[in-house]
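Colleague: Got a structure here, written out as structure tokens. Questions coming.
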Amino acid sequence: MNDLLLAQCDPKAPLLDADTRTRVLAALPGWLPDAENKLIGRRFGFDNFYQVMAFVDAVAEIAHAQDHHPEMLVGYNACTVSYTTHSRGGLTLNDAICAAQVSALPEATGQ
Ligand SMILES: C[C@H](O)[C@H](O)[C@H]1CNC2=NC(N)=NC(=O)C2=N1
């Protein structure tokens, strides 16, 4: 997990093999894969919309810094963040790096 927090996304990162995917997901509490293991997502709950939008801004900063971008479903008291690597059509380490960094945001607490 610490490795993921310090890592930089690599535009050439390959798809994760099944073993690595299992190991990486174990280091990302709350993040769930879809049925085809093509994306991971986590719902973050908040007390109010101000907190939601502060979280969205903080996630966007990670996206800018990593040049790796999430899908976000924004609601009045929650935001669901999903990552997949579009260029590879599935999960790479880049998705895990960003997921770990989102989970570590101070703005992510309160759920
Ligand atoms: C050129 C640029 O690095 C690419 O288009 C990046 C941008 N952000 C991206 N984000 C995600 N989630 N998947 C990608 O394949 C991707 N590609």
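Colleague: Can you work out which of the residues in segment 91-107 that are surrounded by fewer than 21 Cβ atoms within 10 Å (Cβ to Cβ) and under 20 Å from Tyr50 (Cβ atoms) is nearest to the ligand (Cβ to nearest atom)?
Modeller: Leu105
Colleague: Identify the residue in segment 62-111 that is without any contact (Cβ under 8 Å) to a residue 40 or more places away in the chain, among the polar types (S, T, N, Q) and in contact with a strand residue (DSSP E or B) (Cβ under 7 Å, 6 or more places away or on another chain) and, among all such residues, is nearest to Asp19 (Cα to Cα).
Modeller: Result: Thr80.
Colleague: Can you pull out the residues in segment 57-90 that are within 9 Å of the ligand (Cβ to nearest atom), polar (S, T, N, Q) and over 13 Å from the mean Cα position of the chain (by Cα)?
Modeller: Passing the criteria: only Ser87.
Colleague: For segment 79-98, what are the residues that are at positive phi and of a type in the set (Val, Ile, Thr)?
Modeller: Within segment 79-98, none qualify.
Colleague: Moving on to the next point. Kindly indicate whether any position in segment 31-39 is assigned to a helix (DSSP H, G or I) and at pLDDT 95 or above.
Modeller: no
Colleague: For Gly30, state whether it is out of contact with any Ser or Thr (no Cβ under 6 Å at 6 or more places or on another chain), away from the ligand (no atom under 15 Å from the Cβ) and of a type outside the set (Val, Ile, Thr). Walk me through how you get there before you give the answer.
Modeller: Numbers: out of contact with any Ser or Thr (no Cβ under 6 Å at 6 or more places or on another chain): yes; away from the ligand (no atom under 15 Å from the Cβ): yes; of a type outside the set (Val, Ile, Thr): yes.
Spelling it out, Gly30 is indeed out of contact with any Ser or Thr (no Cβ under 6 Å at 6 or more places or on another chain), away from the ligand (no atom under 15 Å from the Cβ) and of a type outside the set (Val, Ile, Thr).
The values are calculated or read from the model by the stated rules, or taken from the named source; none is laboratory data. Keep in mind that this is a model prediction, so the values were computed, not measured. For neighbour counting, all protein chains shown are included, and Cβ atoms are generated from backbone atoms with ideal geometry for every residue, glycine included.
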